Structures are given as structure tokens and as C-alpha cells.
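> Below are the C-alpha cells for one structure; questions will follow.
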Amino acid sequence: MIDTHSHLFVEEFAEDLPEVIRRAKEAGVTHVFMPNIDHTSLDDMLKVCAQYPGYCYPMLGYHPTSVGLFSKAEVLSMKRCLALGHPFIGIGEVGLDLYWDKTYLREQQEVLDEQIQWALEWNLPLVIHCREAFPQLFEVLQPYKNTPLSGVFHSFTGTSEEAAQALEYENFLLGINGVVTFKKATLPEVLKQVPLERLVLETDSPYLAPVPFRGKRNESSYIGKVADKLAEVYGVPTEQIRAVTTRNALKLFKIPE
Ligand code: NI
């Protein structure tokens, strides 16, 4: 399995990261993809990825909840990291978040659009965070509908209509995490219209731990619970969920099998 979205470089893992990685390997996780948060987290992320080469893979991006009035300059300075020989496998995480704060919607949209340019220019998938902002997100994405832009709608928990709208972007997949295991989740019903070929697994560690770990610190080794739940939803063996989502992730992020 591939954990396509895991922030193992944050301080929640400072004490026991080697153990967390060991448990992930034991659980059958073959790769961990790491979305960046903003300019202040880059060094920590790159350090962890350098410690686990061929296992942890970094992305470059500026998270919407970090966006303020003066973020544009910070974002533009990060662009320099894409110079020749960069290690990044994707642009993320980027997007819009109107749940915490609506003040900087315009700035969030500008910063997102800037990073879409990077994804296109460097031919990297875009990892999108979207919370209570689908209409505003599709406003930004619409002009890129018929471009080679590819990516993941990470932590997808939207409605059937939003899923249909997202899947119209043919080079995009939905990232499914522990939310699908929650008791009141509507996602299992929504997924009935989504082919397995359009899904990747993720944890969003340290957040959104699946049942029975809900509320605790999440880690990559728990990803099997997400695969098990999807096996139930799709009525197929867990091995099939693991194999198909792994193939989908390797293809999207252009990692050789
Ligand atoms: Ni995240």
C-alpha cells in the first residue's frame, strides 16, 4: 500500500519516528508521500525524506490555512526549490479552506493558481486540500480542465455531485482516508459511483485516524483499516484494494514499480 498523504515530519512524530516507520513497513506500506505545509516546514520534511530515501517522498506546496495577506511573496520564494534536480514528486498541499477562515479567500485562490502553474510547468501532480470550498475551488480549476493537469482531491469527503464534478477532471483521483471508517460517514454511499481506478489511499497523519483509533494520533501503519473498509464498500478482497490503489498512486506520481 502507498500512504499518499502523510505529514510524518511534524512534531507529533519527533519522539518516535523510527518506530512509526518500522510499523508502517510491517503493515505493508511501501511508500509514504509527504505533502508540505508551508515555507516553515520545508526543512523538516526534507530532513525526514533524506533519512528514508526510497521510502518517504517530498512534495512542494503552500497550504491554504497558512495563507494570509503577505503569502504571495513566500510562495514565490518557494518556487526557487524547483530548480534543476529537485526531489519533489508533487505540488502539495495546496487548495482552499473556508472552514477555519474566509478572510483570505482571494489570496488563497491566487496562491492556488500560482501553484497550478508550477504543476503544469514541471509536470507534477497537484495535491488539493478543499474544505467547505468546492464552488470556489472549481472556479480556479475550470480554466485548466482540458490541460494535462493531474492530481488528487485529498481527503475527499464530498457529496455525490461534488464527486461527479471532481471526476470530470480526468487526470485526477480521490484520496480516501480514515473518514470513510467513521460511523456517520456518507462517503461509502458516494463511492458507489466511483470506480476503484480513481482512488488512492492516504492517512493524513497525524490527523483523521481510522476506527478503532479515531481521536488518537494517526500514523501510516493504520492505512490497512482504510483498505479494509473500501473492500467492504466495493465487495472485493482487501488485496485487490491494496493492489489497485498502489498502481493508481505509482502511475499518478510517476514512480517506477
Ligand atoms: Ni494534509
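Read-outs throughout are calculated quantities, based only on the coordinates presented, and are distinct from any laboratory measurement. In this text, all values refer to a predicted model and were calculated from it rather than measured experimentally. Please note: Cβ atoms are built from the backbone with ideal geometry, for glycine as well, and neighbour counts cover all protein chains shown.
> State, as an integer percentage, the relative contact order of region 2-252 based on alpha-carbon contacts under 8 Å between residues 6 or more apart.
Relative contact order comes out at 19 percent.
> Let me ask something else. Let me make sure I get this right: for region 150-257, a, b and c are the square roots of the gyration tensor eigenvalues over alpha carbons, sorted descending. Under 1.5 in a/c it's rounded, otherwise prolate if a/b > b/c, else oblate. Which is it?
Rounded, since a/c falls under 1.5.
> Another question, if that's okay. What is the distance, in nm, between label points placed 7 Å from the Cα along the Cα-to-Cβ direction at residue 82 and at residue 147?
Here the answer is 1.0 nm between the modelled labels.
> Show me the helices of the chain, taken as full DSSP H stretches, that run 15 Å or more along their long axis by Cα and average -0.5 or above in Kyte-Doolittle hydropathy.
Taking the DSSP H segments of the chain (at least 15 Å long, mean hydropathy at least -0.5), we get 223-234, 238-252.
> At 0.36 nm per residue, minus the direct Cα-Cα distance, what do residue 25 and residue 197 gain on full extension? Give it in nm, one decimal, please.
Length difference between fully extended and current span is 59.5 nm.
> Now for a separate question. Where does the chain land on Rg(C-alpha)/(2.2 N^0.38 Å)?
Here the answer is 0.94, to two decimals.
> Quick one: of 72/254; 25/225; 184/229; 225/254; 47/254, which pairs are farther than 19 Å apart, Cα to Cα?
Table pairs above 19 Å Cα-Cα are 72/254; 225/254; 47/254.
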